[in-house]
Amino acid sequence: MKKPSAKIRDEIAKLQEQLKLAETREAERIGRIALKAGLGDIEIDEAELQAAFDQLSRRFRGGQGGTTGGKKGAGDVSAAASTPAVASGAAAGGIGEA
C-alpha cells in the first residue's frame, strides 16, 4: 500500500499550511503578551531580545537548552550579560500591571 508521490506532496503541502497557521497563532499570542508587558516600547537590539527570550524559555522548560542558543556562539555571551536587566525589567513591568 504505497502512496503515490503526488499524494505525499499534497499531504506535505497541507501540513506546511497547518504549520504556518499554527506559527502565526503562536506569534500573535506571544506578541500580544510582549506588548502588554511593555516590550514594544523598549529599544533593544534584536539579538539581545532573542537572548532574553531564550533565557525565559530555558527557565520555563526547567533549564533545558533553547533551540537557537547553540547557533549564536560568542555573540550569546555579550547578549546574556545584559539579559538579566532586560528580563528583570520586563518581569517588574509585568508584575506592576498584573
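Quick note: the coordinates plus some simple rules give every number you see, no bench work behind them. This structure is a prediction, so every number in the text was calculated from the model and none was measured. Don't worry about glycine lacking a Cβ; one is built from the backbone with ideal geometry, like all the others, and counts go over all protein chains shown.
Across segment 30-65, the qualifying residues are those that are small (Gly, Ala, Ser) and assigned to a helix (DSSP H, G or I), and the one among them that is farthest from the chain's Cα centre (by Cα) is Gly40.
The residues on offer are Arg29, Arg9, and the sole one that is more than 29 Å from Leu56 (Cβ to Cβ) and surrounded by 10 or more Cβ atoms within 10 Å (Cβ to Cβ) is Arg9.
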